[in-house]
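Here is the structure we will look at.
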Amino acid sequence: MWIARSAPATRKALVPHRNAPLTETGRLRLARCVVDDNWPLRRAAERFQVSVTTAKRWADRYRQHGEAGMADRSSRPHASPGRTPTRTERRIIKVRVLRRWGPARIAGLLRLVPSTVHRVLTRYGLARLAHLDRATGRVIRRYERDRPGELVHVDIKKLGNIPDGGGHKVLGRQAGRKTRSGAATAMCTPPSTTTPAWLTARSSPTRRRRPPSPSGGRAQAFFASCGITVERVLTDNGSCYKSRLWRDALAAAGITHKRTRAYRPQTNGKVERFNRTLLDEWAYTRPYRSEQQRRDAFPDWLHTYNHHRGHTALKGQPPASRVPNLSGQYN
């Protein structure tokens, strides 16, 4: 279970204003002029261009606390009568941990204001729901391998073929159903191959559910052309990844095979997320009038994805930025 940490007790270091007349060093000099050198307060205030009240405040702090008294103090009040009661904060945290709800839903349940719930969650450092595994409530552990090809994620995404003339997105829902009725079993299954470095190699869509061979397939050839050596592959427990063809191909190439835990697609989450991007930005991005038209659009989209499309996980850089020998200049 993911545990919330207590509210931080220390405050952040304050940066003085660029036009501030006194920094900590200037306060110390002023205080020493008054306390150690017996300067009058008015003379010290004129010398450091501050008010007499300010000069007296820093001189008094120097007498009481020495050099430590020159640091900034927190402006937080000693008491906060309007702060959310501790009991209410505990109820908010309990609902968040057990049900993993957002501020709006928690506020509706507890009859609070969503902004109040959000402040409490922020105060106790609770992670955003997007950063949590909904099944376990634990913070998602993101990783990136040291080199491309160290671990390659593989999966197959099924897509229904688009009939000639267009499907329901072009002809409408009723006409699209009639057009597809005779080709209901035709499926397009493009294999997806991606590394944690986010460089992606994909084969052209096929009609058969065959595993993309890492030894002689297009994915392996694509990685080899980029100077990437595939060391391990991660797949689900589909029957195509348990076949002798798949096993022999991996053994011939010296590649280790690793499977995800049953009913645990999150383990292969990198390629699962890529499949979603595939649908949003290629398969369903516009109303295609035929399956061939959609397949013809794939190579340009793949090039854009690998070489030009920025990724937030890579700080806005494209996947190709993680491949040191992409152009083969070091061969």
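The values are calculated or read from the model by the stated rules, or taken from the named source; none is laboratory data. Just so it is clear, the model here is predicted, and its values are computed rather than measured. Glycine also receives a Cβ, built like all others from the backbone with ideal geometry; neighbour counts cover every protein chain displayed.
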ARG61 is checked against (1) outside any loop (DSSP other than H, G, I, E, B); (2) closer than 30 Å to PRO114 by Cα and fails just one. What number does that condition carry?
(2)
So how many residues does the range 109-145 have that are at pLDDT 80 or above and not aliphatic (A, V, I, L, M)?
10
Scanning the range 33-54 residue by residue, the ones that are within 52 Å of the chain's Cα centre (by Cα) and either of a type outside the set (A, V, I, L, M) or outside any loop (DSSP other than H, G, I, E, B) (or both) total 5
For the range 239-286: of the residues being over 32 Å from the mean Cα position of the chain (by Cα) and not in a helix (DSSP H, G or I), which is farthest from GLN220 (Cα to Cα)?
SER243
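Restrict the check to the range 263-278 and report whether at least one residue is touching a helix residue (DSSP H, G or I) at 6+ places or on another chain (Cβ under 7 Å), over 24 Å from PRO319 (Cα atoms) and either modelled with pLDDT under 85 or of a type in the set (Lys, Arg) (or both).
Initially, the range 263-278 is screened for residues touching a helix residue (DSSP H, G or I) at 6+ places or on another chain (Cβ under 7 Å), giving 265, 272.
Filter again for over 24 Å from PRO319 (Cα atoms), leaving none.
The answer is no; no qualifying residue exists.
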When the residues of the range 214-232 are filtered to those that are surrounded by 14 or more Cβ atoms within 10 Å (Cβ to Cβ), of a type outside the set (S, T, N, Q) and more than 23 Å from SER321 (Cβ to Cβ), which remaining residue is modelled with the lowest pLDDT?
PRO214
Does any residue in the range 224-244 that is closer than 11 Å to LYS258 by Cβ come within less than 6 Å, Cβ to Cβ, of a residue that is acidic (Asp, Glu) six or more places away or on a different chain, and which pairs are these?
GLU231/GLU150
Output the number of residues of the range 36-89 satisfying the condition of being of a type in the set (Lys, Arg) and within 15 Å of THR23 (Cα to Cα).
4
Those residues that are surrounded by fewer than 18 Cβ atoms within 10 Å (Cβ to Cβ), part of a loop (DSSP other than H, G, I, E, B) and at pLDDT 70 or above, I need them from the range 155-175; list them, please.
LYS158, ASP164, GLY165
